Structure formats: structure tokens, C-alpha cells
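What follows is one structure encoded as C-alpha cells, with my remarks underneath.
The values are calculated or read from the model by the stated rules, or taken from the named source; none is laboratory data. Owing to the predicted nature of the structure, the values given are computational and were not obtained by experimental measurement. Methodologically, a virtual Cβ is constructed for each residue, glycine included, from the backbone with ideal geometry; neighbour enumeration extends over all protein chains shown.
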Amino acid sequence: MAIDSYFLERLQNALKSRGLDWDEKRMFGGICFMVHDKMCFGSFRNGLMVRVAPEEAEHLLQGEYTSQMMQAQRPMVGFLIVEMEGVDRESDLDFWIDKCLEYNPKAKASKKKK
């Protein structure tokens, strides 16, 4: 699936405007944004993959454009998908980016490959 360059630019600008450093990695068929060496959010199947506090996920799933991210038919704890309609407005995108950045310091980093 092609990656929407305009959407990626919006995600990059969201981090730039907050004065943050990040890395981008190809994952899940999209681009994942790594903040402090931890998966934070990214493009995913014509939407936004977000990593949020697991204890907030159920509440956030009540949103009209959100769904649980699944891997091998099992829910990925703390990972949600937001459809593009749910991040059309900058205020909506900022809400999700802020949720991800709020959780990022508490998130566990993946083990480094040797």
C-alpha cells in the first residue's frame, strides 16, 4: 500500500512543532515514528496507529473512528487505529499525538537486536 506523503508531512510537522527529535521506521506496512527509541505512532492502512496508555484505551475506543489494533487475531494492548476521518482536522490529529506523547515516557522500549 502506498504511503500518503501529505499525511506523513502532517505527522512530521506535529513533532517538529513540539520541538521533538524522532526516528522513522518502516513497520506494519507504513511508517512508524519512534520517540526516545519507543514506538509512538505511525501511518497504518490509510489511518493512524497510536500507542496510548493501556488504561485509557477502552475509553478512547468509544470514539467514532477508532478501533483496536490486532496482531494474529489478538488485540495489541495500548495500540489503536484511528481512521483518516478521525484525524482530518489538525485539532483531532493534535489530540492523538498528545495522547501518544503523554504515554511515551512510560512505555517500554523494544529490546535492541544485537
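Some notes on this structure:
- On the stretch given as the range 76-100, residues that are surrounded by fewer than 18 Cβ atoms within 10 Å (Cβ to Cβ) and either touching an Asp or Glu at 6+ places or on another chain (Cβ under 8 Å) or under 16 Å from Arg10 (Cα atoms) (or both) total 11.
- Test: residue in the range 94-112 that is among the aromatic types (Phe, Trp, Tyr) and either assigned to a strand (DSSP E or B) or at pLDDT below 95 (or both): no
- With a requirement of 3 or more residues that are within 11 Å of the chain's Cα centre (by Cα), the strands (runs of 3 or more DSSP E) lying completely within the range 1-68 that satisfy it span 30-35, 38-43, 47-51.
- Residues in the range 42-75 that are buried (at least 17 other Cβ atoms within 10 Å of the Cβ), closer than 17 Å to Lys25 by Cβ and without any contact (Cβ under 8 Å) to a residue 40 or more places away in the chain: Gly42, Phe44, Met49, Met69.
- So Glu83, is it in contact with a Gly (Cβ under 8 Å, 6 or more places away or on another chain) and of a type outside the set (A, V, I, L, M, F, W, C): yes
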